[in-house]
Ligand code: ARG
């Protein structure tokens, strides 16, 4: 069944869209979250129309009052969204038209194509600022765990095999580095979003005397010096979705980083590692096995990263092969973006909460890091300091490891005679290589896990995170 011709574009139509078509093509169920940006855009646009003499100041003021009232209705949940009006833009415009006759002039020199592009750019600027805030909150929670456990050492791993000792804080600072780059990426996305498309019209601008710079300034699309930033090509402005893709990519990458942190936590919380205990409030039990405490929150962090990657992929495929300029396919650009925003927000909040409730098992960490094999490389460095070429030193220490295995003793429990038989350069002080504190103190270079460097990093992060 077809309904009455559509109010905003129905002029050339004998019949309105089928009910099925309306259900199929509506976007108001998800794009209504753009309402605050849509209203801001319409206020700036109508202010510009008044300045350009295309509407009167009285009309402008009536439009502004109407939009503000609609904004309040939406905020308080009183606004009646209508699927048959397709999207957020037409819902708001129609509601305004019912209140304010001048609303019929609001769409002068504007298309939904440049309108939605503007709404989304305003949305991205807000979303990025929001996520950057969530990232800092998660970073602060991680920093607190590092501070509380400054002196804790753990084995560092490669190939999930014990490799060399590191301070737990050094490992946690990896997370801060990852997240700091994620925040930088969101700042870059916000900067790319910071160009005003309004005035691009459907694709080719308008013949009316508009002032794009005025609108851009009114909406805060300005550079560092306050100069307006307007998109330089009308067709590009309504057709590209690269900012969407960059935003989804930044979310996907943040998700991958969080997923790797989650995997560390899952592993560390096993009975086998037992380096940490996750907060009860973020774990679940088993309906069958009474002893179980499962790290579901961390597992979901890992799982959600797949979804974030899927959203990025959806957007890439959506845009690929579309002819210029706008095509309705592009309406499908919003659900993946909103989902990435919401899920990344949740992930960052959960990450912060897990670290806030995280308990470090110092005894287990100390036992694991006491493994002298972790300092086998230090023993090779000992030989290097005695003038042995590294390749030869590496080989000799390999033989020492083998000997210890044969004798079934720990590396540092071999006798001086044993060790001397492997390489003549070993002196009586050979076992000093296994002094963990001294070994850590030798790691002095920038970026290394020695205590002096660690102190520097603590200072840096405390300053950065306030
Ligand atoms: N809801 C539409 C979207 O998000 C708005 C633009 C509609 N433009 C059009 N030419 N039908 O893409």
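Within the chain, the proportion of C-alpha pairs whose separation exceeds 30 Å stands at 60%.
Taking N as the number of residues in region 38-140, what is its Cα Rg relative to 2.2 N^0.38 Å? Please report the intermediate quantities before stating the final value.
Working: Rg = 15.8 Å, N = 103, 2.2 N^0.38 = 12.8 Å.
For region 38-140, the normalised Cα radius of gyration is 1.24.
Structural size metrics of region 261-307, computed from C-alpha coordinates, are Rg and Dmax of 10.9, 31 Å.
Note down the relative contact order for the chain as a percent, whole number, built from C-alpha pairs under 8 angstrom at least six residues apart. Please list the in-between numbers first.
Working: 631 pairs, mean separation 66.8, N = 466.
For the chain, the relative contact order is 14 percent.
Hydrodynamic analysis of region 130-180 uses the Kirkwood radius over alpha carbon pairs. Inserted into Stokes-Einstein at 20 °C and 1.002 mPa s, it gives a translational diffusion coefficient of 182 µm²/s.
Here the scattering of region 187-343 is modelled by Debye summation over its C-alpha atoms, one equal scatterer each and no solvent; at q = 0.11, 0.12, 0.18 Å⁻¹ the log10 of I(q)/I(0) is -0.62, -0.69, -1.08. The angle between the Cα long axis of helix 168-193 and the longest principal axis of the Cα atoms of the chain comes to about 20 degrees, rounded to the nearest 10.
What do you get for the angle between helix 296-319 and the principal long axis of the chain? Use alpha-carbon atoms, 0 to 90 degrees, nearest ten. Approximately 50 degrees, to the nearest 10.
Counting only Cα atoms, the size of region 367-466 along its three principal axes is 55, 31, 20 Å, in decreasing order. A Förster radius of 51 Å combined with the Cβ-Cβ distance from residue 316 to residue 452 puts the calculated FRET efficiency at roughly 0.65. Would you list the P(r) distribution for region 111-247, with all Cα-Cα distances sorted into 10 Å bins from 0 and each bin expressed as a whole %? Cα pair-distance distribution for region 111-247, in percent: 12, 30, 21, 15, 12, 9, 2, 0.
Where the eigenvalues come from the Cα gyration tensor of region 8-69, what are the semi-axes √(5λ) of the equivalent ellipsoid, largest first, in whole Å? Please report the intermediate quantities before stating the final value.
Values: eigenvalues 175, 60, 16 Å².
Largest first, region 8-69 gives 30, 17, 9 Å.
With the largest listed first and rounded to whole Å, the semi-axes of the equivalent ellipsoid of region 34-78 from the Cα gyration tensor are 22, 11, 4.
Tell me, what is the percent relative contact order of region 78-220, built from C-alpha pairs under 8 Å that lie six or more residues apart?
On the way: 129 pairs, mean separation 45.7, N = 143.
This gives 32 percent for region 78-220.
Over region 298-341, what per residue volume does the convex hull of the Cα atoms give, in whole Å³?
Numbers: hull volume 2.3 nm³, N = 44.
Residue-normalised Cα hull volume stands at 52 Å³.
Once you divide the Cα radius of gyration of region 102-155 by 2.2 N^0.38 Å, the number left is 2.25. Globularity index of region 238-326 is 1.54 (Cα radius of gyration / 2.2 N^0.38 Å, N = number of residues).
Residue 462 to residue 432: extension gain in nm, 0.36 nm per residue of separation minus the Cα-Cα distance? Walk me through the intermediate numbers first.
Working: separation 30, 0.36 × 30 = 10.80 nm, distance 3.43 nm.
This chain segment gains 7.4 nm when fully extended.
When the Cα atoms of region 45-104 are aligned to their principal axes, the ranges along those axes come out at 34, 21, 16 Å in descending order.
Think of it as helices only: each DSSP H run of n ≥ 4 in the chain is worth -39500 (n - 2.57), and spread over all residues that comes to -19000 deg cm²/dmol at 222 nm.
The relative contact order of region 41-126 comes to 33 percent, based on Cα pairs under 8 Å that sit 6 or more residues apart. Building the convex hull from the alpha-carbon atoms of region 404-455 and averaging its projection over directions returns 4.6 nm². Each part reduced to its alpha carbon centroid, region 301-347 and region 391-466 end up 48 Å apart. For region 286-402, a Kirkwood hydrodynamic radius built from all Cα pairs, placed in the Stokes-Einstein relation at 10 °C and 1.306 mPa s, yields a translational diffusion coefficient of 79 µm²/s.
Where a number appears in this text, it was derived from the coordinates with a stated rule and is not lab data. Note that this is a predicted model, so its numbers are computed, not measured. Heads up, the Cβs are rebuilt from the backbone with ideal geometry, glycines too, and the neighbour counts pull from every protein chain shown.
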